[in-house]
Amino acid sequence: MLAQRISEQRAGVGDPRALVGEMRRTVLLVPSAESGLWSARSGGVRWISAFTGETAMARFAVHHGPGDRLMDYVALLGARIVDEIVPTLDEPAGLAVDIADGDGAMFFPPVIGVVPDGVAVDSGAGQEGGGREH
């Protein structure tokens with residue numbers, strides 16, 4: 001269902017609040033690495049990579065996997081990722097879903113309504129003029 005909501009949003013007909021709600025209710029597959037969950041930094045944000053299913057994750061693993069070994073992963077509710085894991089990171093962090101799917105990818109940035117207000121970059125907490133201290 002999340003993949004369908006992403007498709008609707010990308011087509012310009014989706015409801016952003018419904019998309020975030022669906023992400024929160026969806027069990028996502030998150031590749032794990034020796035240092036924790038698979039993530040990448042871009043644009044000043046640490047993006048945790050997650051996938052809506054094994055097929056989507058397999059497309060990612062072809063280019064980023066550990067060679068001839070299977071890619072380890074954990075299954076987590078989207079809400080757990082954004083509510084519990086993101087706040088433990090010492091930097092702005094968001095969720096990147098199905099990033100190997102091009103037209104099916106969706107980014108959930110570290111903003112109010114996606115992550116807890118205390119770690120949202122647009123909450124104004126921590127710094128004068130907005131943003132979070134680094």
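The values are calculated or read from the model by the stated rules, or taken from the named source; none is laboratory data. Keep in mind it's a predicted model, so treat the numbers as computed, not measured. FYI the Cβ positions are ideal-geometry reconstructions off the backbone, even for glycines, and counts take in every protein chain you see.
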### Query
Given (1) within 14 Å of the chain's Cα centre (by Cα); (2) surrounded by fewer than 14 Cβ atoms within 10 Å (Cβ to Cβ); (3) at pLDDT below 95, where does residue 25 come up short, assuming only one miss?
(3)
### Task
Go through region 28-65 and count every residue that is over 14 Å from the mean Cα position of the chain (by Cα), more than 13 Å from residue 100 (Cα to Cα) and outside any strand (DSSP E or B).
4
### Message
List pairs: first residue in region 18-39 and closer than 22 Å to residue 60 by Cα, second residue among the aromatic types (Phe, Trp, Tyr) and at pLDDT below 95 anywhere in the structure, Cβ distance under 8 angstrom, at least six positions apart or on different chains.
### Response
29/73; 30/38; 30/73; 31/38; 31/60; 31/73; 32/38; 32/73
### Message
Looking at region 48-68, can you tell me whether even one residue there is over 22 Å from residue 4 (Cα atoms) and touching a Ser or Thr at 6+ places or on another chain (Cβ under 8 Å)?
### Response
no
### Task
Evaluate region 27-35: report whether one residue or more is β-branched (Val, Ile, Thr) and in contact with an Asp or Glu (Cβ under 6 Å, 6 or more places away or on another chain).
no
### Task
Give region 102-116 a look and list any residue that's touching a helix residue (DSSP H, G or I) at 6+ places or on another chain (Cβ under 8 Å) and either part of a loop (DSSP other than H, G, I, E, B) or modelled with pLDDT under 95 (or both), or say none.
103, 104, 105, 110, 113, 114, 116
## Note on the structure
Scanning region 96-110 for residues that are under 20 Å from residue 18 (Cβ atoms) and small (Gly, Ala, Ser) gives 96, 104, 105
### Query
Among the numbered criteria (1) within 21 Å of residue 15 (Cα to Cα); (2) modelled with pLDDT of 95 or more, which single criterion is violated by residue 99?
(2)
